[in-house]
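Input: a single structure, listed below in structure tokens.
The values are calculated or read from the model by the stated rules, or taken from the named source; none is laboratory data. In this text the structure is predicted, and so the values were computed from the model without any measurement. Every residue, glycine among them, receives a Cβ derived from its backbone with ideal geometry; neighbour counts consider all protein chains shown.
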Amino acid sequence: MSPEQIVIVDYDATCAAGSGMDELRAALANQRSGLRANDFPGCDLPTWIGRVAAIDEYVFSPALAQWKSRNNALIALGLQQGSLQQSLAELVERFSSARIGVVMGSSTSSIDRSEEAYRQLDAQGQLPPQFLQEQVLNPHAPGLFVAELLGLDGPNMTVNTACSSSAKVFATAARWLRAGIVDAVLVGGADTLCQSVLYGFHSLQLVSESPCRPFDGTRDGINLGEAAGFAILVRGSDAQGIEHAGIQVSGYGESSDAHHMSHPHPEGEGARLAIEQALEQAGLVPAQIDYINLHGTASRANDHIEGNLVGTMFPASTLASSTKGWTGHTLGAAGILESIFALEALRSGLVPGTLNLTQVDPEIAISMSAANQTADLTHVMSNSFGFGGNNACLIFSRVEVAI
């Protein structure tokens, strides 16, 4: 017996390349990157970043002042985009707020607020009153803030598995829906730039001083970015009468390398397992995947391992690219953001190229192009591989459900 379909009702994202799907579609079509020379306050590292400038202009209402942080500001901005709130309001009316769950993913949560607080300790080492925010200064803050902002009363969870965090939210949501715990789930992810991240990755010698070049022979590191993205999921059996995207979550896989805290398994064994699990659940073979949005960070290790793994598992005709050149590596938000790029490719047939790619590293057995392509897609995949060997693979497919 095949598992119940999980249908995507709506989705949207905000990142350096654009706020909302209209801006992101234009950026993708015109190959307009959101990367800029580092201008993050208090950080003088010579690198490029994917900063969302609108965060600095966001003002929390008095009712939400206790939730103030850069990460929560980006979450609020992201939820203002498109028809997300309208779609949620219709589902609340149909199911009730108690039957709508929230699953968020984040890597750093609101660590920027902690940094700011420590810089303002008084002479006795005490925090100023405005930083006594126990609901913000904890890893569960993204999910809790979303529920507070939207008035959602269902189960609430925040996944923290480094750069696979907001890919894993789809798997958790699917389990909740199939178990009957909820009737709809808002999944998402958000991560913002902060000095801990910028200087931390620099200390690991992983940051490039120029725009990142995933899978290129001359690649020399990553660019860091920030983003928030969201999708709304329901059971296929409940999708009748609901306007939806015509796309389902057809498969997911999760695994752990159990190898190293920051270096992927040299043969990509954990990543392979996640991909195989997703294919098995979707009932597909590798040749049926039309496009893969690769994790593709532009680090020497990730691209070599992922590229060769995908190159051996999938036929050369499978379209593949990394979209990090548009956004930078958005860490805990990368999974949802790049899933949305894969969803857009499935919806529109526009397959993004790999920005800044001049020549694929000859030691990587994969074929890809810097140029965008158009194709008729039925099944797409998105890979997310995080520190600690936390791997996730998602497959999205076209679906016909009566509206």
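Scanning region 316-348 for residues that are assigned to a helix (DSSP H, G or I) and in contact with a Cys (Cβ under 9 Å, 6 or more places away or on another chain) yields a count of 10. Only a single criterion out of (1) on the phi > 0 side of the Ramachandran plot; (2) loosely packed, with under 15 Cβ neighbours inside 10 Å; (3) of a type in the set (S, T, N, Q) is not satisfied by SER109, namely (2).
ALA365 satisfies every condition listed in (1) over 23 Å from SER33 (Cβ atoms); (2) free of Cβ contacts under 8 Å to residues at least 60 places away in the same chain; (3) surrounded by 24 or more Cβ atoms within 10 Å (Cβ to Cβ) except (3).
Test of understanding: among GLY105, GLY82, GLY101, which residue is more than 19 Å from THR172 (Cβ to Cβ), in contact (Cβ under 8 Å) with a residue 40 or more places away in the chain and touching a helix residue (DSSP H, G or I) at 6+ places or on another chain (Cβ under 8 Å)?
Matching residue, one of GLY105, GLY82, GLY101: GLY82.
As a summary of the residue check, VAL187 satisfies the conditions (1) in a strand (DSSP E or B); (2) surrounded by fewer than 24 Cβ atoms within 10 Å (Cβ to Cβ) except for the one numbered (2). Checking each residue of region 307-315 against the condition of being of a type in the set (Gly, Ala, Ser), over 27 Å from PRO362 (Cα atoms), touching a strand residue (DSSP E or B) at 6+ places or on another chain (Cβ under 9 Å) and not in a loop (DSSP other than H, G, I, E, B) gives no match. Take the residues of region 262-294 that are polar (S, T, N, Q) and farther than 10 Å from GLY251 by Cβ: which is surrounded by the most Cβ atoms within 10 Å (Cβ to Cβ)? So, considering only residues that are polar (S, T, N, Q) and farther than 10 Å from GLY251 by Cβ, the one surrounded by the most Cβ atoms within 10 Å (Cβ to Cβ) is ASN293. Of all residues in region 190-232, those that are aliphatic (A, V, I, L, M) and either over 20 Å from HIS140 (Cα atoms) or assigned to a loop (DSSP other than H, G, I, E, B) (or both) total 7.
So which residues in region 1-46 are aliphatic (A, V, I, L, M), surrounded by 14 or more Cβ atoms within 10 Å (Cβ to Cβ) and not in a loop (DSSP other than H, G, I, E, B), if there are any at all? Passing the criteria: ILE6, VAL7, ILE8, VAL9, ALA13, MET21, LEU24, ALA27, LEU28. Candidates ALA123, ALA89, ALA98: the one that is at pLDDT 95 or above, among the hydrophobic types (A, V, I, L, M, F, W, C) and out of contact with any Asp or Glu (no Cβ under 8 Å at 6 or more places or on another chain) is ALA89.
A single member of GLY200, GLY270, GLY225, GLY253 is of a type outside the set (S, T, N, Q) and closer than 17 Å to THR327 by Cβ, and it is GLY225. In the condition set (1) under 30 Å from PHE201 (Cβ atoms); (2) touching a Leu at 6+ places or on another chain (Cβ under 9 Å), SER97 is compliant with all but (1). For region 277-301, residues that are under 22 Å from PHE387 (Cα atoms) and touching a strand residue (DSSP E or B) at 6+ places or on another chain (Cβ under 7 Å) total 9.
Among the residues of region 68-83, are any surrounded by 23 or more Cβ atoms within 10 Å (Cβ to Cβ), among the charged types (D, E, K, R) and at pLDDT 95 or above? Yes, region 68-83 contains a residue that is surrounded by 23 or more Cβ atoms within 10 Å (Cβ to Cβ), among the charged types (D, E, K, R) and at pLDDT 95 or above. Please determine whether any residue of region 14-30 is of a type in the set (Ser, Thr, Tyr), in contact with a Phe, Trp or Tyr (Cβ under 9 Å, 6 or more places away or on another chain) and under 28 Å from ALA371 (Cα atoms). Looking for residues that are of a type in the set (Ser, Thr, Tyr), in contact with a Phe, Trp or Tyr (Cβ under 9 Å, 6 or more places away or on another chain) and under 28 Å from ALA371 (Cα atoms), one finds none in region 14-30, hence no. Being without any contact (Cβ under 8 Å) to a residue 12 or more places away in the chain and not charged (D, E, K, R) is true of VAL285. What are the residues in region 380-403 that are out of contact with any Gly (no Cβ under 9 Å at 6 or more places or on another chain), assigned to a strand (DSSP E or B) and surrounded by fewer than 19 Cβ atoms within 10 Å (Cβ to Cβ), if any? Hits for region 380-403: nothing passes.
Residues in region 350-362 that are of a type outside the set (Asp, Glu), out of contact with any Asp or Glu (no Cβ under 6 Å at 6 or more places or on another chain), surrounded by 14 or more Cβ atoms within 10 Å (Cβ to Cβ) and assigned to a loop (DSSP other than H, G, I, E, B): PRO352, GLY353, THR354, LEU355, ASN356.
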